[in-house]
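Peer 1: Before anything else, here's the structure in question.
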């Protein structure tokens, strides 16, 4: 099965020993389980392989380091701009929310280097923030997946993986650095990154990286400046990697992100008379420890341990604050797993644990309100290579949730979630797949802001998800493609309904169904692909919307993506990306609105270009030119809060339009 960096092409796996220091029995078995041909240790190359936790269905959404360099992303929306099942909306980065198949990130399992991002500080702001400059790859599993997806993965999982020092160093060098500056024309701003990395000795390496980004207010496609989008952002990242023995490796990383700016009271909406500008100060710190034990001569041990602690705080208490409050959260936890090869079985089993503490209060008493929750899980996943062409994967997760809310009401829920999947290669080029999975999530703390006055229905039920999908995949040396159909359902969705007192209850059932088709072709120097995604997300038969169903789901119009990459020479590569979204009209579900009222979500088409140059005489220099939104299109992304201003008494309920044309020029020097 040929793998390109992020496309599974399906024919043959080739791995070369000179690309890896420790080929393991587990690695060979995983690859053998995915291949239609035997894998030999003499033909191994891991560079082009992007392994995700779901071994049954094809992966179309993941992002690798090479793509990140070409896109020059500043935020999540840039990062996932060519992922057909992932949608990002919000305009400015603080307001951005992530949707997979229309399902919001609060119903997903999101992690960075294994540290689960669970805290939600404010429902009108996004909760996921990453620095794309330091990412090695992003792995996306859409829909409730296998037992390795983590707790609460009702709509899927997203795993961000950061770079190691070895990923930054040039071959044969022990010390290096990277200085990168990027100018953005839309915000008339510079983004800078400085990184130092090196090998301390043969077994230990380290890196430290600092990024600073201070954009002015951006302009939309009409040339209007969007208030509340100017901010100062700093990111500090440090990592130490140690090879303790031939079979043991450790990683210790630290991240600190600060974000200061004058934002709208509700950052996801435009500034208005009831949504005025006020100061925001956001800070997040993460410490993550990873340990690996993988003896070359023991096929029963491939052990991984992750420990993490995440602290985050949103301070909205400045002198001009309309509604002063401070919200904070801390998540600490671990994941311990092992994989064993037993005959035709690759069995992965383990346990995970997380404790979430959420606080809110005025500046004089930051922890006036408090909620604590714990999540404990046990899991097992068995990949069974029944024949050379047939892979069966089956697993179970047991999760136990406990919550003590601010009113001293306790919730205690537990369930077992099964999954099963098949992947059959009926020719060298064609394979068919099918999978069914369930997931479970008990009551947890809402966002910190709602601790002020919120309460829970004492009879709250847990949320239960099921996902079924099936399809075909094709891959040859020149052509690749896939088609799949899916249906996801989340029963007993927990939410706080609009208006009235803040009261969390089971509001109904969410259904997300659709289909995805992708086809691509490779020539010697050109790769082209197109993909089409149709999704329909409804709650109790009504179209999902970000305003009416904040924290749950939204409706995305039919999406068509096109991409062409052209390697003109060893020095110069060019590319074009396009995104077309079909207009839609969705149900307006809110108190006081007549049945049958619709909200228009206009369609749009956006084009991007990039050129990347490595001068032959200065190989340490890389120059990248990216033009986003070439034709200066004015639009609201369908993952952004749609405009409700056509509905009487809902003036001002409108999301931020996306930035207009943005010319980004970056120069990177690695020494």
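Peer 1: Can you report the number of residues in region 573-622 which are exposed (fewer than 13 other Cβ atoms within 10 Å of the Cβ), modelled with pLDDT under 95 and within 30 Å of residue 527 (Cα to Cα)?
Peer 2: 5
Peer 1: Just for strands (runs of 3 or more DSSP E) wholly inside region 62-115: which have at least 2 residues that are closer than 21 Å to residue 446 by Cβ?
Peer 2: Details: elements: 86-89, 97-100, 109-112.
Qualifying strands (runs of 3 or more DSSP E): 97-100, 109-112.
Peer 1: Only one of these is touching a helix residue (DSSP H, G or I) at 6+ places or on another chain (Cβ under 8 Å), within 30 Å of residue 553 (Cβ to Cβ) and part of a loop (DSSP other than H, G, I, E, B): 152, 145. Name it. Spell out how you get there, then give the answer.
Peer 2: Numbers: 145 fails: touching a helix residue (DSSP H, G or I) at 6+ places or on another chain (Cβ under 8 Å).
Of 152, 145, the one residue that is touching a helix residue (DSSP H, G or I) at 6+ places or on another chain (Cβ under 8 Å), within 30 Å of residue 553 (Cβ to Cβ) and part of a loop (DSSP other than H, G, I, E, B) is 152.
Peer 1: Enumerate the strands (runs of 3 or more DSSP E) found wholly within region 560-671, keeping only those where 2 or more residues are closer than 28 Å to residue 519 by Cα and in contact with a strand residue (DSSP E or B) (Cβ under 7 Å, 6 or more places away or on another chain). Give the derivation first.
Peer 2: Values: elements: 572-581, 584-587, 598-601, 604-613, 621-628, 662-670.
Correct list: 572-581, 604-613, 621-628.
Peer 1: Which numbered condition trips up residue 150, out of (1) more than 24 Å from residue 249 (Cβ to Cβ); (2) surrounded by 23 or more Cβ atoms within 10 Å (Cβ to Cβ)?
Peer 2: Among (1) more than 24 Å from residue 249 (Cβ to Cβ); (2) surrounded by 23 or more Cβ atoms within 10 Å (Cβ to Cβ), residue 150 violates only (1).
Peer 1: List the strands (runs of 3 or more DSSP E) that sit entirely inside region 303-411 and contain at least 1 residues that are closer than 19 Å to residue 56 by Cα.
Peer 2: Details: elements: 303-316, 325-342, 345-361, 369-385, 390-404.
The qualifying strands (runs of 3 or more DSSP E) are 325-342, 345-361, 369-385, 390-404.
Peer 1: I'd like the full set of residues that are surrounded by fewer than 16 Cβ atoms within 10 Å (Cβ to Cβ) and modelled with pLDDT under 95, limited to region 626-651.
Peer 2: 645, 646, 648, 649, 651, listed by residue number.
Peer 1: Suppose we filter region 377-404 for residues that are surrounded by fewer than 21 Cβ atoms within 10 Å (Cβ to Cβ), in contact with a strand residue (DSSP E or B) (Cβ under 7 Å, 6 or more places away or on another chain) and within 30 Å of residue 482 (Cα to Cα); how many remain? Step through it out loud before you land on a result.
Peer 2: Narrowing region 377-404 to residues surrounded by fewer than 21 Cβ atoms within 10 Å (Cβ to Cβ): 378, 380, 382, 384-390, 392, 394, 396, 398, 400, 402, 404.
Now narrow it down to the ones that are in contact with a strand residue (DSSP E or B) (Cβ under 7 Å, 6 or more places away or on another chain): 378, 380, 382, 384-386, 389-390, 392, 394, 396, 398, 400, 402, 404.
Next, only the ones that are within 30 Å of residue 482 (Cα to Cα) stay: 380, 382, 384-386, 389-390, 392, 394, 396.
Counting residues in region 377-404 that are surrounded by fewer than 21 Cβ atoms within 10 Å (Cβ to Cβ), in contact with a strand residue (DSSP E or B) (Cβ under 7 Å, 6 or more places away or on another chain) and within 30 Å of residue 482 (Cα to Cα) gives 10.
Peer 1: Next question, about the same structure. Can you tell me which residue in region 419-434 is modelled with the lowest pLDDT, limited to those that are within 19 Å of residue 384 (Cβ to Cβ) and exposed (fewer than 14 other Cβ atoms within 10 Å of the Cβ)?
Peer 2: Filtering region 419-434 down to residues within 19 Å of residue 384 (Cβ to Cβ) leaves 419-426, 431-434.
Checking the rest, the ones that are also exposed (fewer than 14 other Cβ atoms within 10 Å of the Cβ) come to 426, 432.
On the way: 426: 93, 432: 97.
Per the stated criteria, the residue is 426.
Peer 1: Could you grab me the full set of residues in region 184-223 that are out of contact with any strand residue (DSSP E or B) (no Cβ under 8 Å at 6 or more places or on another chain), free of Cβ contacts under 8 Å to residues at least 40 places away in the same chain and more than 24 Å from residue 291 (Cα to Cα)?
Peer 2: Listed by number, the list holds a single entry, 188.
Peer 1: Do you know which residues across region 405-418 are buried (at least 16 other Cβ atoms within 10 Å of the Cβ) and either within 18 Å of residue 484 (Cα to Cα) or modelled with pLDDT under 95 (or both)?
Peer 2: Just the residues of region 405-418 that are buried (at least 16 other Cβ atoms within 10 Å of the Cβ), to begin with: 405-406, 411, 413, 415, 417.
Result: 405, 406.
Peer 1: Being surrounded by 17 or more Cβ atoms within 10 Å (Cβ to Cβ), more than 18 Å from residue 334 (Cβ to Cβ) and under 20 Å from the mean Cα position of the chain (by Cα) is the filter here; which residues of region 283-311 pass it?
Peer 2: Of everything in region 283-311, just one residue is surrounded by 17 or more Cβ atoms within 10 Å (Cβ to Cβ), more than 18 Å from residue 334 (Cβ to Cβ) and under 20 Å from the mean Cα position of the chain (by Cα), namely 284.
Peer 1: Test residue 254 against the stated conditions and say whether it is part of a strand (DSSP E or B), surrounded by fewer than 16 Cβ atoms within 10 Å (Cβ to Cβ) and in contact with a strand residue (DSSP E or B) (Cβ under 9 Å, 6 or more places away or on another chain).
Peer 2: Values: part of a strand (DSSP E or B): yes; surrounded by fewer than 16 Cβ atoms within 10 Å (Cβ to Cβ): yes; in contact with a strand residue (DSSP E or B) (Cβ under 9 Å, 6 or more places away or on another chain): yes.
So residue 254 fits the description; yes.
Peer 1: Somewhere in region 169-183, is a residue modelled with pLDDT under 95, surrounded by 15 or more Cβ atoms within 10 Å (Cβ to Cβ), on the phi > 0 side of the Ramachandran plot and touching a strand residue (DSSP E or B) at 6+ places or on another chain (Cβ under 7 Å)?
Peer 2: No, every residue in region 169-183 fails to be modelled with pLDDT under 95, surrounded by 15 or more Cβ atoms within 10 Å (Cβ to Cβ), on the phi > 0 side of the Ramachandran plot and touching a strand residue (DSSP E or B) at 6+ places or on another chain (Cβ under 7 Å).
The values are calculated or read from the model by the stated rules, or taken from the named source; none is laboratory data. Being a predicted model, the structure only gives us computed values, none of them experimental. Cβ atoms come from the backbone with ideal geometry, glycine included; neighbour counts cover every protein chain shown.
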